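Take a look at the structure set out below.
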Amino acid sequence: MSEPSSTHRRLLRRFAIVDGVAVLFLALLAGVWFAASALLLVFACVLFAILLYELSAILCRRFGLNRKLGLGIVVIVLLLVIGLGGWAMAPQMSEQASQLARDIPTSLQRLQQMVEKHPLLKRLASELPQPKQFMHYLEQMVPNAGLFFGGALGAVGNVAIILFVGIYFAIAPRSYIDGFVKLVPQSRRERARQVLSEIGGTLGRWLLGTSVSMLIAGVATTIGLSLLGVPLALILGIIAGLLDFIPYVGPVMAGVPAVLIALSIDPHLALYTVLLFLGIQMIHGYVIQPLIDSHTVQIAPAVIIVMQLIFGTIFGFAGIALATPMTATLMLLVKMLYVEDILGDRSQEQDGAPPAG
């Protein structure tokens with residue numbers, strides 16, 4: 001009787017462990033679900049901290065400065081650029097933003113009228129949003145972007161949190177890393193540091209490349225629209241630069257208001273505007289993005305689009321915006337913790353080949 005009883009106790013213990021792990025996993029999923037907005041905001045803060053850290057590291061290597069001094073210089077320069085640039089362009093940006101809000105409904109009405117003249121395209125007219133619905137959607141995008149705060153001041157609150165928390169993270173990153181690593185068993189702490197270091201370095205390089213890409217997209221769009229004679233070139237260029245942070249989806253979203261504004265003037269101008277955005281997107285897709293990918297984790301376009309759909313469904317517009325860095329993080333975790341540690345496949349590491357896209 002003792003042997004069956006011992007076997008029975010082992011089975012009960014095994015079932016209890018499995019049930020306990022399952023309960024903890026479900027509890028973790030529930031916590032992530034209910035705290036999704038806060039976790040997404042924390043991830044945005046970490047991204048900003050990584051960007052500040054990488055910029056200060058470049059400054060320190062170039063001029064041999066202390067890291068905190070380099071970080072202080074980076075923060076001050078960024079604040080001066082944003083503050084002085086905003087102060088210098090605020091009147092023009094405010095005027096153009098107000099005019100953009102007035103012109104888009106008129107452009108939508110003209111587009112509907114043009115479509116209704118063609119029998120084959122007439123059905124599309126019923127699918128186009130009404131001007132009031134379109135403007136209501138645009139007004140709701142920022143307050144309901146999917147971060148933490150909502151309402152009219154939601155975007156300002158989110159930006160303030162990302163700014164200040166990101167700076168605090170960047171000032172003393174090691175203390176936060178050490179606190180996280182202490183949650184890992186001692187035998188795996190060194191590997192945990194390696195994983196965090198790889199994620200930080202990859203995201204840092206990706207952020208630097210993406211920042212340059214955003215600047216190029218914004219400047220090229222502003223200059224191109226100005227040369228074409230499209231009104232509101234400055235505000236449309238700023239929108240294009242900001243939305244360039246979102247691969248594939250962002251340029252399309254940035255092109256819609258520009259094409260609508262051009263359409264309100266002349267259909268041929270709208271066609272030239274479409275060609276301008278196609279040209280910028282081709283340069284981005286075939287020149288800039290490969291350069292960024294060559295120094296970071298290569299992610300196939302289909303994977304990025306699928307993850308944008310998934311994260312957008314879960315987190316809203318902010319999930320779409322942060323889909324690429326979150327996907328890069330997940331891919332690194334799978335590669336290092338599953339492929340290398342569990343499967344034992346370190347061939348890429350040994351050969352020095354970049355990860356497959």
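Matching residues to (1) within 21 Å of residue 44 (Cβ to Cβ); (2) of a type in the set (A, V, I, L, M); (3) in contact with a Gly (Cβ under 9 Å, 6 or more places away or on another chain):
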{"residue": "284", "(1), (2), (3)": "no, no, no"}
{"residue": "287", "(1), (2), (3)": "no, yes, no"}
{"residue": "301", "(1), (2), (3)": "no, no, yes"}
{"residue": "306", "(1), (2), (3)": "no, yes, no"}
{"residue": "309", "(1), (2), (3)": "yes, yes, no"}
{"residue": "313", "(1), (2), (3)": "yes, no, yes"}
{"residue": "316", "(1), (2), (3)": "yes, no, yes"}
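Quick one: is residue 254 under 14 Å from residue 229 (Cα atoms) and small (Gly, Ala, Ser)? No, not satisfied. Residue-level analysis places residue 253 outside the set of residues that are at pLDDT 90 or above and closer than 26 Å to residue 85 by Cβ.
For the range 272-297, which positions are crowded, with 16+ Cβ neighbours inside 10 Å and either among the polar types (S, T, N, Q) or not in a helix (DSSP H, G or I) (or both)? The answer is 273, 281, 289, 296, 297.
Considering the range 257-271, and only residues there that are in a helix (DSSP H, G or I) and in contact (Cβ under 8 Å) with a residue 40 or more places away in the chain, the residue that is surrounded by the most Cβ atoms within 10 Å (Cβ to Cβ) turns out to be 261.
Listed here are the residues, each with its yes/no results for (1) more than 22 Å from residue 243 (Cβ to Cβ); (2) polar (S, T, N, Q); (3) modelled with pLDDT of 85 or more; (4) in a loop (DSSP other than H, G, I, E, B).
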{"position": "324", "(1), (2), (3), (4)": "no, yes, yes, no"}
{"position": "335", "(1), (2), (3), (4)": "yes, no, yes, no"}
{"position": "343", "(1), (2), (3), (4)": "yes, no, no, yes"}
{"position": "354", "(1), (2), (3), (4)": "yes, no, no, yes"}
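Remark: pairs (first residue in the range 211-228, closer than 16 Å to residue 251 by Cβ; second residue acidic (Asp, Glu); Cβ separation under 6 Å; 6+ apart in sequence or on different chains) = 213/244; 214/244; 217/244.
It is to be established whether one or more residues within the range 211-227 are at pLDDT below 90, surrounded by 21 or more Cβ atoms within 10 Å (Cβ to Cβ) and either touching a Phe, Trp or Tyr at 6+ places or on another chain (Cβ under 6 Å) or closer than 20 Å to residue 327 by Cβ (or both). So far as the range 211-227 goes, yes, one or more of its residues are at pLDDT below 90, surrounded by 21 or more Cβ atoms within 10 Å (Cβ to Cβ) and either touching a Phe, Trp or Tyr at 6+ places or on another chain (Cβ under 6 Å) or closer than 20 Å to residue 327 by Cβ (or both). Residue-level check: of (1) over 27 Å from residue 328 (Cα atoms); (2) at pLDDT 70 or above; (3) aromatic (Phe, Trp, Tyr), residue 53 misses just (1). Checked against the criteria, residue 208 counts as touching a residue at least 24 places away in the same chain (Cβ under 8 Å), buried (at least 18 other Cβ atoms within 10 Å of the Cβ) and either among the acidic types (Asp, Glu) or touching a helix residue (DSSP H, G or I) at 6+ places or on another chain (Cβ under 7 Å) (or both).
Take the conditions (1) under 30 Å from residue 338 (Cα atoms); (2) surrounded by 16 or more Cβ atoms within 10 Å (Cβ to Cβ); residue 254 misses just one of them, which is (1). There is no residue in the range 233-243 that is in contact (Cβ under 8 Å) with a residue 60 or more places away in the chain, crowded, with 21+ Cβ neighbours inside 10 Å and closer than 18 Å to residue 321 by Cβ. Put simply, of 18, 77 the only residue that is loosely packed, with under 14 Cβ neighbours inside 10 Å and either more than 26 Å from residue 166 (Cα to Cα) or at pLDDT below 70 (or both) is 18.
The values are calculated or read from the model by the stated rules, or taken from the named source; none is laboratory data. Values in this document were obtained by computation on a predicted structure and should not be read as measured data. Because the Cβ atoms are built from the backbone with ideal geometry, glycine has one as well, and the counts that use them run over all protein chains shown.
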